[in-house]
1. If I filter region 79-87 for residues that are within 16 Å of ligand 1 (Cβ to nearest atom) and either within 20 Å of the chain's Cα centre (by Cα) or closer than 21 Å to ALA297 by Cβ (or both), do I get at least one hit?
2. If we keep just the residues of region 35-70 that are over 22 Å from ARG139 (Cβ atoms), in a loop (DSSP other than H, G, I, E, B) and among the charged types (D, E, K, R), which is least open to solvent (accessible area, probe 1.4 Å)?
3. May I ask you to list the residues in region 273-303 that are within 21 Å of the chain's Cα centre (by Cα) and assigned to a loop (DSSP other than H, G, I, E, B)?
4. Could you figure out which of (1) of a type in the set (A, V, I, L, M, F, W, C); (2) out of contact with any strand residue (DSSP E or B) (no Cβ under 9 Å at 6 or more places or on another chain); (3) within 16 Å of ligand 2 (Cβ to nearest atom); (4) not in a helix (DSSP H, G or I) isn't true of CYS100?
5. Do we find that SER11 is within 16 Å of ligand 1 (Cβ to nearest atom) and surrounded by fewer than 22 Cβ atoms within 10 Å (Cβ to Cβ) in this structure?
6. Are any of the residues in region 333-345 open to solvent by 30 Å² or more (accessible area, probe 1.4 Å), more than 15 Å from PRO155 (Cβ to Cβ) and free of Cβ contacts under 8 Å to residues at least 12 places away in the same chain?
7. If I filter region 71-87 for residues that are open to solvent by 60 Å² or more (accessible area, probe 1.4 Å), under 23 Å from SER246 (Cα atoms) and more than 16 Å from ligand 2 (Cβ to nearest atom), do I get at least one hit?
Amino acid sequence: MYNAKAYSAASATSSLAPTAIARRDPTEQDVQIEILFCGICHSDLHHVRNEWGNSIYPMVPGHEIIGRVTKVGSAVSKFKPGDPAAVGCLVDSDGTCPECQADLEQFCPNMTLTFNSPDKHLGGVTYGGYSDSVVVDERFVLRVPSKLDLAGAAPLVCAGITTYSPMRRWGVTKGKKVGVVGLGGLGHMAVKFAHAFGAHVVVFTTSEGKKEDGLRLGADEVVVSRNTDEMQKHAGSFDFILDAVSADHDINAYINLLHRDGNLTLVGAPEKPLAVAAFGLLFGRRSLSGSLIGGIAETQEMLDFCGEHGITSDIEVIKIQDINEAYERMLKSDVKYRFVIDMASLKA
Ligand SMILES: [Zn+2]
Ligand SMILES: [Zn+2]
């Protein structure tokens, strides 16, 4: 064991503050990573404030980790010291269940999340990326294409894969019409991917002010969802809609924009159940789905795709000392479009 610097929350009502945490010495299969950047995901804040009711303290959040390999175990073959590397939402799984066999480790009943999950090695819970280093099993460490900006690449391993995976699953390609509901951390990545896949991309937003940005990010059209006439023009025309809104909203307005066999996939998590009108699904045999991050193989595929197409997240880099303020700004959607912590600030 060794000590790592980190920022942790002591309780659901505490601010994040500097601390020291124990990390394991790398085993044969492990990769030790010096963390250079960590993205701030909205779920970090949900966990820190125990809004999903399963938080264990002290908590070190962070699952959009990018860094450099500092040490590898003797059985590690994919990495060597000096390589860039990334770690997303998962750090382990049983490797034997049907989900793992299908490369869908995110649904493994025995998966270990990057933070707030029982730690099989040290006991207690796992600690995430708001730290200067982490030790992770090689199977859960991702290769980062060398030409990607490391800070901008951090959000790819959560926000990126969360939007990439459902679009792959539902066959978003050239010639398809794709809607993206909500232009935030997730939505802006969805626009970039859908555009790169060659789809006709329409962004739905509640704020007129995001029109220009939607177009800049790669949308072909931006629709202000309050404008019923504008919405009506798109009725029955979409192959696929990705709904990235985590606030309460009328999902039926979007289901009605799908054409026959069209699909709407939810990746946001509104607090209260959404009301769904059955007829919207019956007519046109439309479907409603959910999606959760992606498996390790697909996350690697996504990073490689980003390398080929020069895709990173639009970010605002902050010092870790400004983390609590960043949380408040995130609550007001006052960020374009993801905060990323420069972990060099943790050394200060
Ligand atoms: Zn996340
Ligand atoms: Zn499994």
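The values are calculated or read from the model by the stated rules, or taken from the named source; none is laboratory data. Please read all numbers here as calculations on a predicted model, not as lab measurements. Positions of Cβ are backbone-derived with ideal geometry, glycine not excepted, and every protein chain shown enters the neighbour counts. Heads up: the accessible areas ignore ligands, DNA and RNA and are worked out on the full protein's heavy atoms, side chains in. Shrake-Rupley method; radii C 1.70, N 1.55, O 1.52, S 1.80 Å.
1. Yes, the conditions are met somewhere in region 79-87.
2. Restricting to residues being over 22 Å from ARG139 (Cβ atoms), in a loop (DSSP other than H, G, I, E, B) and among the charged types (D, E, K, R), the top hit is ARG49.
3. SER291, LEU292, ILE293, GLY294, GLY295
4. Among (1) of a type in the set (A, V, I, L, M, F, W, C); (2) out of contact with any strand residue (DSSP E or B) (no Cβ under 9 Å at 6 or more places or on another chain); (3) within 16 Å of ligand 2 (Cβ to nearest atom); (4) not in a helix (DSSP H, G or I), the lone unmet condition for CYS100 is (4).
5. Considered against the rule, which asks whether it is within 16 Å of ligand 1 (Cβ to nearest atom) and surrounded by fewer than 22 Cβ atoms within 10 Å (Cβ to Cβ), SER11 comes out as no.
6. yes
7. No, because not a single residue in region 71-87 is open to solvent by 60 Å² or more (accessible area, probe 1.4 Å), under 23 Å from SER246 (Cα atoms) and more than 16 Å from ligand 2 (Cβ to nearest atom).
Rundown of residues vs (1) basic (Lys, Arg); (2) touching a residue at least 60 places away in the same chain (Cβ under 8 Å); (3) open to solvent by less than 10 Å² (accessible area, probe 1.4 Å), yes/no style:
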site: LEU90; (1), (2), (3): no, yes, yes
site: CYS97; (1), (2), (3): no, no, no
site: PRO109; (1), (2), (3): no, no, no
site: HIS121; (1), (2), (3): no, yes, no
site: GLY129; (1), (2), (3): no, yes, yes
site: LEU148; (1), (2), (3): no, yes, no
site: MET167; (1), (2), (3): no, yes, yes
